[in-house]
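We did not get these values from a lab; they are worked out from the coordinates using the rules stated. Fair warning: this is a prediction, and the values are worked out from it, not measured in the lab. Methodologically, a virtual Cβ is constructed for each residue, glycine included, from the backbone with ideal geometry; neighbour enumeration extends over all protein chains shown.
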Amino acid sequence: MQAFAYVPIMALRPILIHPDPRLKKRADPISEVTDALRTLADDMLETMYDAPGIGLAAPQIGVSKRIIVMDCVKEDDIPPRPMVLLNPEVVWTSEKNSTYEEGCLSIPEQFGDVIRPAEAEVTWMNLDGEQMSEKFDGLWATCVQHEIDHLDGKLFIDYLGPLKRQMITRKMQKLKREKARG
Ligand code: NI
């Protein structure tokens with residue numbers, strides 16, 4: 001009798017565009033690693049690389065679960081490092097800050113300077129159910145804090161002044177109207 005191999009069928013998931021109430025919700029913790037969760041992680045990585053982006057959080061594809069994916073390797077001569085973080089938590093940040101011009105796949109083509117701690121230590125569970133911990137710096141630190149914010153319903157524009165935030169939100173509303181018209 002032939003055994004059936006488990007063949008993951010990866011799929012691109014549509015990314016929600018701000019403003020959307022699903023982007024403002026606090027996401028639920030993950031209690032166990034299931035095949036459905038592994039498929040979700042694969043889909044998120046594929047969707048992120050396809051965009052292209054360096055990070056993606058589940059609420060951005062309408063899934064209210066505490067899972068983020070990221071890969072901040074930019075150099076061509078360094079192999080990619082796809083990371084999947086379940087229930088990620090910032091447990092320490094440096095006093096030293098850094099400013100980075102951030103963007104977001106849910107706020108396409110809009111950018112703004114955001115000040116965040118330059119280093120962040122994060123704990124999470126991996127897809128094998130193991131507890132992990134790592135201290136991130138540089139772009140990785142910015143990215144992991146940006147993605148964890150998504151799990152708490154927070155966007156990078158929430159760090160900007162109200163005028164800039166309103167301007168960007170209006171542009172996104174216009175973009176969504178145009179997309180809806182096709
Ligand atoms: Ni984002």
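What the table shows:
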| item | result |
| --- | --- |
| Loop GluC sites (Glu not before Pro), the range 118-176, which have at most 11 other Cβ atoms in a 10 Å radius of their Cβ (DSSP) | Glu130 |
| Per-residue Cβ neighbour rank within 10 angstrom, fewest leading, Asp50, Asp43 | Asp50, Asp43 |
| Charge sum, other residues only, whose C-beta stays under 14 Å from Ile30's C-beta, Lys/Arg counted +1 and Asp/Glu -1 | -2 |
| Leading residue at positive end of dipole, the chain (Cβ point charges), from Ile148, Pro162, Pro29 | Pro162 |
| Computed log₁₀ I(q)/I(0) - Debye formula, equal Cα scatterers, no solvent, the range 104-182, q 0.18, 0.23 Å⁻¹ | -0.84, -1.11 |
| MRE, 222 nm, helices only [DSSP H, n ≥ 4, -39500 (n - 2.57), over the chain, to nearest 500] | -9000 deg cm²/dmol |
| Value of relative contact order over the chain, rounded to a whole percent, pairs C-alpha under 8 Å and six or more apart | 23 percent |
| Choice from Ala11, Ala41, Ala27 with maximal GNM fluctuation in the chain (Cα, 10 Å cutoff) | Ala11 |
| Fully extended contour minus Cα-Cα distance, from Arg22 to Glu89, at 0.36 nm per residue | 22.1 nm |
| Sorted by Cβ neighbour density within 10 Å, fewest at the top, the residues Glu46, Glu89, Glu178 | Glu178, Glu89, Glu46 |
| Semi-axis lengths, Å, the chain, gyration tensor of Cα atoms, sqrt of 5 times eigenvalues | 27, 22, 15 |
